[in-house]
Amino acid sequence: MVSFLVGILMAVPILSVLAHVFMSGTGDTWHHLVDTVLGSYIWSTLVLCVGVGVGTAMLGVGSAWLVVRYDFPLRGTFEWALVLPLAVPAYVMAYTYTDLLQFVGPVQTWLRDTFDWTRADYWFPDVRSLGGAVVMFCLVLYPYVYMLTRTAFLERAGGMLEVGRSLGLGPWASFRRVSLPLARPAIAAGVALALMETLADFGAVSYFGVQTFTTGIYRAWFSLGDRVAAAQLSVALLGFVVLVLALERLSRGRARFHDTTNRRAAPQGRRLHGMRAWLAVLACLLPLAGGFLVPAGDLLYMAVTKGDAQFGTRFIELARNSVTVSGITAVLAVMLAVVLGYASRLKSASWLMRGVHRMAGLGYAVPGTVIAVGVLIPMSRLDQWLINAITAATGTNPGLLLTGGIIGLVYACVVRFLTPAVQGIDAGLQKITTHMDDAARSLGLSPARTLWRVHFPLLRGSLLTAALLVFIDVMKELPATLVLRPFNFDTLATQAYTLASDERLAEASTSALAIVVVGLLPLIVLSRQIAQGRRDSRQP
């Protein structure tokens, strides 16, 4: 019952959006969108999904396999450093690479000065394009796949790989026929997270001029003033998310991916030498450099040479606000994800409970502003009811209790970013065979005690990973924060976007760099804790 109420609470904003569609007819705006730009929205969205899905899977799975199964120079550094692109918002990445690669940027300027070229003497790819957006999203989002896949590879028993080697399987065959199938739930979860983040992005695609459903929603809402048309486009966007999740579930079928061996030794890294070792270094360095080192270095250069004159105590306040909202949201999201995931795992779970579980995770693909309005409508009414009730009882007007503080913002962020927590917890639960639940119940443990004494110890890495994903996502959250933040409550993201959207990138660099710096410490600490925890738990 508790899990059902949690699922309904998480689905309220999405249900509010759906209510706009089913309670309102199709107006002139919708017919205009269908006749003019809807086809472009669908095509661009499909290209983004295919490109980002393939790109993030290749970068994430490849780098995770290298750092887990092989030993080469800087492997220990790459193991935690490869998650650093999560700290860079997609819209900041777009602004940074545009500054670097545009015609008057340092790269093309250096080419012209070095080779004495004119504009007609060479061809240079346009970063502000659909292809450029695919590359940006791959560089920013591959850590989703990397983190979940690395956790799965670390949890694969060494005995299974030893059996594969005893049967004559080489490194590539062991990867393709043993580790990859067993890590499939984690890979699918990471790719799904990356795709939903891509579908929900607005800042990067808007700046690059790519026509997607999110840009259409904002245009219908703010330019055309038609919230019904915006809600209808949101439902179409939800349809893409449902399609992605349904295809993953359908392809999995009745297959199960449990690890039931008792040999829990950590996989031993195979030492690489010579050219192979340096190729492994290069394979890990390229996504790290493209996703973090280059944009962070450019931001640092601009912050030091130009920067924002207001840098100082103001930024301490901005960082504190960002960390407060992110920390509270991460804790709540993981707690709720455990409740939903475990309730849906129980044999007594009904189809309705499983449906609520899926519904609660769709907020990740809905633009933050849409969720913010879906939160604002019911919470405003509840706020007004509370004001009237308290005023009638005490004669004192308490003011806005919910929307006047960060409660509404945290609620919207939990709804928006519950999916990373749910996906991470689900991937962890799927690796725990249901026979363990049956054994615990036969020993007299209730479902709650089974969760506490059996599943929580096994889910430690998944819990930390899920919390990390949510924390970093909320640090970068922009649209919901702009709509729901209290008065005089700014975050690093709102400051960076406000300046960057005015093409004041040099001034925005300090705020953007602060987002990266604030996000680095938990990224490094938690990532290394996850890796160390996996190794410690597999000591014989």
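Kindly evaluate LEU130 against the criterion of being out of contact with any Lys or Arg (no Cβ under 7 Å at 6 or more places or on another chain) and under 30 Å from GLU477 (Cβ atoms).
Values: out of contact with any Lys or Arg (no Cβ under 7 Å at 6 or more places or on another chain): yes; under 30 Å from GLU477 (Cβ atoms): yes.
Yes.
Given (1) part of a loop (DSSP other than H, G, I, E, B); (2) at pLDDT below 80, identify the lone condition not met by LEU429.
(1)
Find all pairs meeting these conditions: Cβ atoms under 6 angstrom apart; at least six residues apart or on different chains; first residue within region 33-53 and over 16 Å from GLY131 (Cβ atoms); second residue buried (at least 20 other Cβ atoms within 10 Å of the Cβ) and small (Gly, Ala, Ser).
From region 33-53, the pairs are TYR41/GLY216.
What are the residues in region 104-120 that are loosely packed, with under 14 Cβ neighbours inside 10 Å and either under 30 Å from THR151 (Cβ atoms) or touching an Asp or Glu at 6+ places or on another chain (Cβ under 9 Å) (or both), if any?
PRO106, PHE115
Among the listed residues LEU336, LEU279, LEU300, identify the single one that is modelled with pLDDT of 75 or more, closer than 30 Å to ILE407 by Cβ and part of a helix (DSSP H, G or I).
Numbers: LEU279 fails: closer than 30 Å to ILE407 by Cβ; LEU300 fails: closer than 30 Å to ILE407 by Cβ.
After ruling out the rest, the residue left standing is LEU336.
Would you confirm whether any residue within region 123-136 is touching a residue at least 40 places away in the same chain (Cβ under 8 Å), open to solvent by less than 10 Å² (accessible area, probe 1.4 Å) and of a type in the set (Ser, Thr, Tyr)?
No.
Show the residue pairs meeting these rules: Cβ distance below 6 Å; 6+ apart or different chains; first residue within region 54-80 and closer than 12 Å to GLY190 by Cβ; second residue charged (D, E, K, R) and open to solvent by less than 40 Å² (accessible area, probe 1.4 Å).
Within 6 Å, the pairs are ALA64/ARG150.
Taking the condition assigned to a helix (DSSP H, G or I), crowded, with 20+ Cβ neighbours inside 10 Å and modelled with pLDDT of 75 or more, does GLY519 pass? Write out each step before concluding.
On the way: assigned to a helix (DSSP H, G or I): yes; crowded, with 20+ Cβ neighbours inside 10 Å: yes; modelled with pLDDT of 75 or more: no.
For GLY519, the condition - assigned to a helix (DSSP H, G or I), crowded, with 20+ Cβ neighbours inside 10 Å and modelled with pLDDT of 75 or more - is not met.
State which residue is farthest from ILE187 (Cα to Cα) when the search covers only region 407-463 and only residues that are of a type in the set (Lys, Arg) and in contact (Cβ under 8 Å) with a residue 60 or more places away in the chain. Explain how you work it out, then say what you get.
Let us first name the residues in region 407-463 that are of a type in the set (Lys, Arg), namely 416, 431, 441, 449, 453, 460.
Among the residues that remain, those that are also in contact (Cβ under 8 Å) with a residue 60 or more places away in the chain are: 416, 431, 460.
Numbers: ARG416: 21, LYS431: 13, ARG460: 19 Å.
Out of the qualifying residues, it is ARG416.
Are there any helices (runs of 4 or more DSSP H) wholly within region 178-271 with 2 or more residues that are surrounded by fewer than 18 Cβ atoms within 10 Å (Cβ to Cβ), under 21 Å from the mean Cα position of the chain (by Cα) and modelled with pLDDT under 80, and if so which? Before the answer, list the steps.
Values: elements: 184-200, 203-208, 213-218, 227-252.
Output list reads 227-252.
So PHE456 fits all but one of (1) surrounded by 15 or more Cβ atoms within 10 Å (Cβ to Cβ); (2) of a type outside the set (S, T, N, Q); (3) closer than 21 Å to LEU418 by Cβ; what number is the exception?
Unmet for PHE456, out of (1) surrounded by 15 or more Cβ atoms within 10 Å (Cβ to Cβ); (2) of a type outside the set (S, T, N, Q); (3) closer than 21 Å to LEU418 by Cβ: (1).
Looking only at region 507-520, which residues are touching a Ser or Thr at 6+ places or on another chain (Cβ under 8 Å) and more than 12 Å from VAL92 (Cβ to Cβ)?
VAL518
Considering only region 343-387, state which residues are of a type in the set (Phe, Trp, Tyr) and modelled with pLDDT of 75 or more. Reasoning before the result, please.
Pass one, region 343-387, residues of a type in the set (Phe, Trp, Tyr): 351, 364, 385.
If the condition is that a residue be of a type in the set (Phe, Trp, Tyr) and modelled with pLDDT of 75 or more, then TRP385 is the only one that fits.
The values are calculated or read from the model by the stated rules, or taken from the named source; none is laboratory data. All of these numbers come straight from a predicted model, not from anything done at the bench. Cβ coordinates were reconstructed from backbone atoms using ideal geometry, including for glycine residues, and neighbour counts include every protein chain displayed. All accessible areas refer to the heavy atoms of the entire protein, side chains included, with ligands and DNA or RNA removed. Shrake-Rupley method; radii C 1.70, N 1.55, O 1.52, S 1.80 Å.
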